[in-house]
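Please treat every number below as a calculation from the coordinates, not as lab data. Note that the coordinates shown come from a computational prediction; the quantities given were computed from them, not determined experimentally. Here Cβ is always computed from backbone atoms with ideal geometry, including for glycine, and neighbour counts include all displayed protein chains.
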């Protein structure tokens with residue numbers, strides 16, 4: 001389907017393209033009646049502004065846009081560090097935005113970065129994102145995007161991920177090998193690749209070891225500590241509590257960990273817990289948290305390198321997936 005332009009709107013309304021442009025920008029010289037007509041036809045035709053064309057006609061600056069769900073999560077802050085080191089060496093600076101794990105903020109950030117003439121974007125999507133039109137719009141206009149960690153399979157861009165399936169499989173296998181038979185999973189959105197693959201790894205490990213997949217032990221939530229606390233509260237209400245728990249990431253694992261400790265559930269005697277990420281806090285709690293290590297810094301470096309290869313002309317814009325290995329870090333929580 002062809003992209004609707006300002007010229008198309010101008011022809012339909014029989015006015016100049018400059019008038020349409022000023023009306024869309026709410027210019028005071030344009031009457032309210034004309035603005036209403038322009039906005040109505042723009043909405044009817046699903047017009048999307050050409051953000052790159054609007055961002056000044058001269059060359060873009062050497063800025064790279066980065067969008068992460070949250071900066072305070074040490075996994076993402078470490079990824080950013082890897083991105084920045086590679087970008088700095090190549091003479092680029094980075095502009096970092098956080099979506100706060102909301103679709104609305106992610107969309108606003110995407111538009112703002114494009115309007116600020118970034119050379120390309122590195123994006124990890126929010127837990128709410130199931131509509132990708134904002135990213136497709138930017139890609140369609142020629143701005144390269146690399147996705148990392150929380151990626152979107154349907155977008156034809158390069159991606160940097162870890163082996164989420166195998167990491168989850170190893171985590172659950174470890175719980176089984178320590179004698180656990182009733183293993184729960186605090187998962188994230190199934191719409192996200194990362195949540196789906198880690199759940200698939202969890203279920204595969206149970207099946208391969210002859211253990212049942214019990215729906216009441218699979219609790220879908222988000223990616224934050226509060227989601228872990230809510231999940232643990234639900235598990236405690238079951239007639240038969242699990243004796244093992246695999247969480248989608250370390251913040252969720254730590255939220256469940258602290259909730260269970262507060263309610264005097266002994267870790268690991270009554271329940272073994274495994275997270276995913278290997279955040280610094282995982283080794284600070286007592287007992288220290290067993291987790292799956294993700295190479296966050298390497299992920300950032302790899303994503304930035306892929307983007308710079310496109311920007312330098314060394315690599316064509318194409319769909320390529322780089323998968324990094326994970327490893328199980330066994331500590332006292334199991």
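Brief remarks on what is shown
- Over region 211-250, the fraction of Cα-Cα pairs per 5 Å bin, rounded to whole percents and listed from the shortest bin up, is 5, 22, 37, 23, 11, 2.
- The mean sequence distance of close C-alpha pairs (under 8 Å, at least 6 residues apart), as a share of the length of region 164-293, puts its relative contact order at 26 percent.
- The modelled label-to-label distance between residue 45 and residue 190, using points 7 Å beyond Cα along the C-beta direction, is 4.0 nm.
- Taking other C-beta atoms within 10 angstrom as a stand-in for reagent exposure, 269, 216 fall in the order 269, 216, fewest first.
- Highest-fluctuation residue, 322, 157, 20 considered, GNM on the chain with Cα pairs under 10 Å: 20
- To the nearest ten degrees, helix 296-311 and the longest principal axis of the Cα atoms of the chain are 20 degrees apart.
- The ranking of 47, 297 from fewest to most other beta carbons within 10 Å of each one's beta carbon is 297, 47.
- Alpha-carbon gyration tensor eigenvalues x 5, square-rooted, for region 164-293, Å: 18, 16, 15
- Within region 118-157: backbone nitrogen closer than 13 Å to the residue 88 label point (7 Å, Cα to C-beta): none
- Segment residue 213..residue 284, full-extension length gain: 22.4 nm, with 0.36 nm per residue of separation and the alpha-carbon distance subtracted.
- Residues residue 140 and residue 17, FRET efficiency given R0 of 25 Å [Cβ-Cβ distance, rounded to 0.05]: 0.80
- All Cα-Cα distances of region 6-47, cut into 10 Å bins from zero to the largest, leave 34, 62, 4 percent in each bin in turn.
- The GNM of the chain, with springs linking C-alpha atoms under 10 angstrom apart, assigns the highest mean-square fluctuation among 81, 18, 283 to 18.
- Length added when fully stretched, residue 177-residue 261, from 0.36 nm per residue minus Cα-Cα: 27.9 nm
- For the pair region 73-93 and region 273-334, the centres of their Cα atoms are 13 angstrom apart.
- Annotation: the residues 129, 291, 102, sorted from fewest to most other C-beta atoms within 10 Å of their own C-beta, follow the order 102, 129, 291.
- Helix-only mean residue ellipticity at 222 nm for the chain, each DSSP H run of n ≥ 4 adding -39500 (n - 2.57), per residue, nearest 500: -13000 deg cm²/dmol
- Estimated FRET transfer efficiency when R0 is 45 angstrom, pair residue 26-residue 297 (beta carbons, to 0.05): 0.55
- Relative contact order of the chain, pairs being alpha-carbon contacts under 8 Å that are 6 or more residues apart, as %: 18
- Tilt relative to the chain, helix 250-262 - C-alpha long axis, 0 to 90 degrees, to 10: 40
- Among (1) 75, 44, 33; (2) 96, 59, 35; (3) 56, 53, 41, the entry derived from the coordinates for Cα extents along the principal axes in Å: (1)
- Computed from Cα positions, the angle between helix 103-115 and the longest principal axis of the chain comes to roughly 40 degrees.
- Normalised contact order of region 119-177, rounded percent, pairs of Cα under 8 Å and 6 or more residues apart: 32
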